[in-house]
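The values are calculated or read from the model by the stated rules, or taken from the named source; none is laboratory data. As the structure is a computational prediction, the values presented were derived from the model and not from experiment. Backbone-built Cβ (ideal geometry, glycine too); neighbour counts: all protein chains shown. These accessible areas exclude ligands, DNA and RNA; they are computed on the full protein's heavy atoms, side chains included. Shrake-Rupley method; radii C 1.70, N 1.55, O 1.52, S 1.80 Å.
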Amino acid sequence: MTKTVNHWIGGRTVEGTSGQCGPVTDPATGAVTTRVALASAAEVDAAVAAAKTAYATWGTSSLAQRTAVLFRYRALLDAHRDDIAALITAEHGKVHSDALGEVARGLEIVELACGITTQLKGELSTQVSNRVDVSSIRQSLGVVAGITPFNFPAMVPMWMFPLAIACGNTFVLKPSEKDPSAANLLAELATEAGLPEGVLNVVHGDKVAVDALLAHPDVAAVSFVGSTPIARYIHATASANGKRVQALGGAKNHMLVLPDADLDAAADAAVSAAYGSAGERCMAISAVVAVGAIGDELVAKIRERAEKITIGPGNDPASEMGPLITAAHRDKVASYVTGAAAQGAEVVLDGTGHTVEGFEDGHWIGLSLLDKVSTDSDAYKDEIFGPVLCVLRVDTYEEGVALMNASPFGNGTAIFTRDGGAARRFQLEIQAGMVGVNVPIPVPVGYHSFGGWKDSLFGDHHIYGNDGVHFYTRGKVTTTRWPDPADAPAGVDLGFPRNH
């Protein structure tokens, strides 16, 4: 009998009551291995109610109490790294080493949350006027929600809820229904670490659950990571309902390669950044911009490396790239490759016919490399979210930067060069939120913040780091004047000399 992934509400498993379930597929075999309960609006209400009840005590709990739980949680996550990674591989398809890397990046934010005491320190100015002091503090919001994507089913939730609960909020997580099991394990381990009932809740679902969270009057803030069209919808809808929103959208990340670059290093970086995690990540490099005469050599080096990548099931140690999440997504990715030649591109590698022996029904696609791609082609304009790398040719640095800045996306970008002056100009002139210098995927460490510009981010706050703390708290300023104790009313003796 196929198992069912149910909700986690109030510190325990709660069976779905909507009567609606969705399939969860093993991408390597194409077989449906699990069902996931899809929440009704009433079930979302129950999760929010549990979070609201828990906030009455968690919101006033001491920093010492919260951090003690988080330290225990960090230890449990560390002990269960392989278990979490195995769930990711089984439902997402990425190779085990990649899944372990995802867990490690999520743990960075748990570690940041463990040190929340310094992040929540306020400010004080004394004697701003005669016997007047001004202090600033940050306080929690209440119930907050997170809506997370399929491509990082453990890491992205951990980018959200550890900081939120460390700041004193309670949390309702709506993970992707395509790979839901990792989220439940994260919540179970939090309860094992001593997190009180209702502080972290998980409801599974589709648009019904999302819309219920966006409209719920007891949800104060919503965090989202996903595609740009949905990010725009989340931001507009939640904002219209009076909520604070951070909505991270899609990307088309470029890597500018100057003529002086180490082409072997650039080719290595392009292959790992374009094809790692099967290209299903918003920080993937999907467009290489080659400057000057290096294009032919760079493409040859990328091709040479790409042809050696081993594709297979994520639980096979020999595999370097796994399948795509669904058959429908595989077919959509393949359509960009099959249509590229008609739009003027040179198809250097065509991965659309790839299969894996013994796993013929899996959602397989090989690595594709498109050269001399034009900026008006579909393969360039759209976020493909698969193992397809476009190479564009330009004559100068200025032409390359202008091309990149014309993109509606501004998530991550990179430059490969030996010239420090060129790198400095690039990091100041490029219109993107995250910049790598000889680093292809410049995802910041946990104590800096992650987020893009333009159509890659809706809302004012980036995720995690200082921005994350500010997002999950709100400021309060108190101005205080106390009379001098020497001016105490007659009959009250505080032991001070009288001024009158």
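Taking only C-alpha pairs under 8 Å that are 6+ residues apart, what is the relative contact order of the chain in percent? Show your work: numbers first, answer last.
On the way: 1188 pairs, mean separation 89.5, N = 500.
Across the chain, relative contact order equals 18 percent.
Relative to the dominant Cα principal axis of the chain, helix 228-240 is inclined by about 20°. Compared with the direct C-alpha span, the chain from Ile137 to Ala486 gains 122.7 nm at full extension, assuming 0.36 nm per residue. Tell me, how many Å apart are the Cα centres for region 423-498 and for region 112-188? Cα centroid to Cα centroid, the span is 13 Å.
Annotation for Trp453 and Asp218: the two label points, set 7 Å from Cα along the Cα-Cβ direction, are 4.1 nm apart.
Farthest toward the positive end of the dipole of the chain, out of His461, Pro149, Leu76, is the Cα of His461, where the dipole comes from beta carbon charges about the Cα centre. Take the chain with all the other protein chains still there, run a 1.4 Å probe, and you get 40 Å² of accessible area per residue. The figure for Asp262 is an accessible area of roughly 70 square angstrom, using a 1.4 Å probe on the protein chains alone.
Of the cross-linked pairs Lys94/Lys332; Lys454/Lys476; Lys52/Lys454; Lys52/Lys174; Lys94/Lys372, which ones have a Cα-Cα span greater than 26 Å in the structure shown? Working shown, then result.
Values: Lys94/Lys332 19 Å; Lys454/Lys476 30 Å; Lys52/Lys454 34 Å; Lys52/Lys174 16 Å; Lys94/Lys372 30 Å.
Listed pairs above 26 Å: Lys454/Lys476; Lys52/Lys454; Lys94/Lys372.
Calculated from the structure, volume of the Cα convex hull per residue in Å³ equals which of (1) 174; (2) 184; (3) 150? Label of the calculated value: (1).
In nm, what is the difference between 0.36 nm times the number of residues separating Asp493 and Val347 and their Cα-Cα distance? Don't skip to the answer; put the middle values down first.
Values: separation 146, 0.36 × 146 = 52.56 nm, distance 9.07 nm.
Additional length available on full extension: 43.5 nm.
The GluC sites (Glu not before Pro) of region 374-464 include none that DSSP puts in a loop with a beta carbon having at most 15 other beta carbons within 10 Å. Between Ser62 and Ser227, the simple label model (points 7 Å from Cα in the Cβ direction) yields a spacing of 4.9 nm.
Considering only alpha-carbon pairs that sit under 8 angstrom and 6 or more positions apart, the relative contact order computed for region 119-243 is 25 percent.
Starting from the residue with the highest accessible area, list Glu43, Glu360 in decreasing order, probe 1.4 Å. Can you show the working numbers first?
Values: Glu43 15, Glu360 110 Å².
Solvent-accessible surface, decreasing: Glu360, Glu43.
Spin-label pair Lys3-Asp376: with each label point 7 Å from Cα along the Cα-Cβ axis, the two points sit 5.3 nm from one another. For region 464-478, backbone phi angles converted through the Karplus equation (6.51, -1.76, 1.60; θ = phi - 60°) give residue-by-residue couplings of 6, x, 4, 4, x, 4, 5, 5, 8, 9, 10, x, 9, 10, 10 Hz, Gly and Pro being listed as x.
For region 272-281, backbone phi angles converted through the Karplus equation (6.51, -1.76, 1.60; θ = phi - 60°) give residue-by-residue couplings of 5, 7, 7, 10, x, 6, 6, x, 8, 8 Hz, Gly and Pro being listed as x. Distant-in-sequence amide contacts of Cys21, defined by a placed amide H-H separation under 5 Å and a gap of 5 or more residues or a different chain, comprise Leu38. Between region 349-376 and region 255-307, the C-alpha centres lie 17 angstrom from each other.
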